[in-house]
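Written below as structure tokens is the structure these notes are about.
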Amino acid sequence: MQLFSTNATSANHQLVSFQQAVFKSLPEDNGLYMPVFIPRLPDSFLQHIEKYTFQEIAFEVAQTIIGDEIPALALRNIVEEAINFEAPIITLDQQVRVLELFHGPTLAFKDFGARFMARVMSWFLQKDPAAQQINILVATSGDTGGAVAQGFLNVPGIEVTLLYPKGKVSDVQEKQLTTVGNNVSALEVDGTFDDCQHMVKQAFLDQELNQRLNLSSANSINISRLIPQSFYYFNAYAQLKRETSYSPEQKLVFSVPSGNFGNLCAGLIARAMGLPVHQMIAATNANDIVPNYLLTGNFQPRPSVRTLSNAMDVGNPSNFARLRAFYQSEEDMPEEAVLTAIKRDIIGKPYTNEETQQGITEVFQKYFGYVMCPHTAVGYLGLKDYLKEKDASTCGVILATAHPAKFIDTVEQATGEQIVLPDSLQRLMYEQKNATSISNQYENLKAFLLQKA
Ligand SMILES: *Cc1c(COP(=O)(O)O)cnc(C)c1O
């Protein structure tokens, strides 16, 4: 697998391997790594995909896109350890289905990316006896950090530092970030998620720091987080074919509750690899930068605002450059043409907090007590509005990004019923928080990291 930077020009075009992209995470020109070529899965595999297990599908997808940089046997092990929980499809009605991505250890979809990435890094490190200790740096708006902490816990040769915005993550999320211990430290930043993300970006661009420490990122910008997220799109398709009334004549549409747009980009990878996706719905909360772009053609990042779906409170979606790159086929392609191409495939829909609450209530009442987290509810609203303009040939799948119990206050208010916490969350609530408080100034992060050098 070879990757280029989205900021590269044809005059300055440096390709990197999968291993280099995984460990560097961000190219020096501040772009994002994109595969030069996304291969299609064999038609025979897609035609019979319903015969394969989730792990078999995941392996096929991983091997097809990554190629021979990781030998088949090792890759199979990585996949089997990383993807060790299910992602079932639930039918609410013939056009509204839910792909539950929250059955991993931290009860959100980010477990897929984090677990895969940790094992990929660990494999590359073990292969190279001279490898230096790695410092993973992650800004999290909530769920990323917990998933990364669990994914990397006790992985030899790797130290993890998580930055999260003080007071802007839920109680459960905070416990997931701050109780892991061992090789995982949490920094509670007096600022927003965008501040955290900015500080991390500064660290990667800081030459002095990078000479002392071997920094790496585990944000959704890392290509090894993105690839495993395409696995479950294919597995959703397999389940549709195997277990539901879905027929290949129907138009398959995924509604993706989006913040940084990693999940949506993973869907575009799946599509490029041959998954028959008709359109994708980019459902957001009030942080509607991408829906706005689709409407006006202007990409205007702005400070994030706080919403009920806090893992999507992103004011400058970092995967936007990748999203564009899927559609910019020529370097000098006019902006207009890029926009037109994107708009053919991606429909943007923003929703308010009030609508989100109503969405949870509506689903609960209409679909026999099915409970959605606020992020998933945004995806539901996006699909519902989309279906208003479509006929019965559309088959909609909402990505359910987190377990509703992670957002217990909002969900109990919207449904009027008490939620029973899963055992793993109940145990977590008794554990002691352990975090270091810092301001949103980059120098504080640098000082903290240099202590580890
Ligand atoms: C991270 C997250 C999202 C947003 O996903 P992106 O890939 O950043 O668009 C949505 N819902 C939940 C629960 C999340 O944790």
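The values are calculated or read from the model by the stated rules, or taken from the named source; none is laboratory data. Model, not experiment: these values are computed from the prediction. Neighbour counts are summed over all protein chains in view; Cβ atoms, including those assigned to glycine, are modelled from backbone coordinates with ideal geometry.
Kindly provide the set of residues from the range 84-138 that are away from the ligand (no atom under 16 Å from the Cβ), polar (S, T, N, Q) and under 30 Å from Asn316 (Cβ atoms), ordered by number.
Residue satisfying the conditions is Asn135 alone.
Which of the residues belonging to the range 188-208 are part of a helix (DSSP H, G or I), more than 26 Å from Pro35 (Cα to Cα) and in contact (Cβ under 8 Å) with a residue 40 or more places away in the chain?
Phe193, Asp194, Asp195, Cys196, Met199
Counting only residues that are surrounded by fewer than 19 Cβ atoms within 10 Å (Cβ to Cβ), give me the helices (runs of 4 or more DSSP H) lying completely in the range 67-181 with at least 1 of them.
Because the criterion is at least 1 residues that are surrounded by fewer than 19 Cβ atoms within 10 Å (Cβ to Cβ), the helices (runs of 4 or more DSSP H) in the range 67-181 that meet it are 72-82, 110-127, 171-178.
How many residues are touching a Ser or Thr at 6+ places or on another chain (Cβ under 6 Å), over 15 Å from Gly191 (Cα atoms) and within 13 Å of the ligand (Cβ to nearest atom) if we restrict to the range 139-174?
So the answer is 2.
Quick grid of which residues meet (1) part of a helix (DSSP H, G or I); (2) closer than 23 Å to Phe193 by Cα:
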residue: Arg344; (1), (2): yes, no
residue: Gly359; (1), (2): yes, no
residue: Glu362; (1), (2): yes, no
residue: Tyr370; (1), (2): no, no
residue: Ala377; (1), (2): yes, yes
residue: Leu387; (1), (2): yes, no
residue: Gly396; (1), (2): no, no
residue: Phe407; (1), (2): yes, yes
residue: Thr410; (1), (2): yes, yes
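Please work out if Val277 is at pLDDT 95 or above and of a type in the set (A, V, I, L, M, F, W, C).
Spelling it out, Val277 is indeed at pLDDT 95 or above and of a type in the set (A, V, I, L, M, F, W, C).
If you go through the range 269-280, how many residues are within 12 Å of the ligand (Cβ to nearest atom) and assigned to a helix (DSSP H, G or I)?
Residues in the range 269-280 being within 12 Å of the ligand (Cβ to nearest atom) and assigned to a helix (DSSP H, G or I): 0 in total.
Between a first residue in the range 422-441 that is more than 12 Å from Thr178 (Cα to Cα) and a second residue that is surrounded by 12 or more Cβ atoms within 10 Å (Cβ to Cβ) and among the polar types (S, T, N, Q), which pairs have beta carbons less than 6 Å apart while being 6 or more apart in sequence or on different chains?
Here the result reads Ile438/Asn444, each pair linking the range 422-441 to a residue that is surrounded by 12 or more Cβ atoms within 10 Å (Cβ to Cβ) and among the polar types (S, T, N, Q).
Given the criteria within 12 Å of the ligand (Cβ to nearest atom) and not in a loop (DSSP other than H, G, I, E, B), does Leu264 qualify?
Here the answer is yes, as Leu264 does meet what is asked.
Which residue, of Phe320, Phe326, is within 16 Å of the ligand (Cβ to nearest atom), out of contact with any Ser or Thr (no Cβ under 7 Å at 6 or more places or on another chain) and farther than 27 Å from Asn353 by Cα?
Among Phe320, Phe326, only Phe326 is within 16 Å of the ligand (Cβ to nearest atom), out of contact with any Ser or Thr (no Cβ under 7 Å at 6 or more places or on another chain) and farther than 27 Å from Asn353 by Cα.
Could you tell me whether Val148 is within 19 Å of Asn235 (Cβ to Cβ), hydrophobic (A, V, I, L, M, F, W, C) and out of contact with any Gly (no Cβ under 8 Å at 6 or more places or on another chain)?
no
For residues in the range 372-408 being of a type in the set (Lys, Arg) and more than 11 Å from the ligand (Cβ to nearest atom), which is nearest to the chain's Cα centre (by Cα)?
Lys384
Give the residue that is farthest from Val314 (Cα to Cα), with candidates limited to residues of the range 226-261 that are outside any helix (DSSP H, G or I) and within 16 Å of the ligand (Cβ to nearest atom).
Phe254
Can you tell me which of (1) of a type outside the set (Gly, Ala, Ser); (2) away from the ligand (no atom under 15 Å from the Cβ); (3) in contact with a helix residue (DSSP H, G or I) (Cβ under 9 Å, 6 or more places away or on another chain); (4) not in a loop (DSSP other than H, G, I, E, B) is the one Gln211 doesn't meet?
Gln211 satisfies all of (1) of a type outside the set (Gly, Ala, Ser); (2) away from the ligand (no atom under 15 Å from the Cβ); (3) in contact with a helix residue (DSSP H, G or I) (Cβ under 9 Å, 6 or more places away or on another chain); (4) not in a loop (DSSP other than H, G, I, E, B) except (3).
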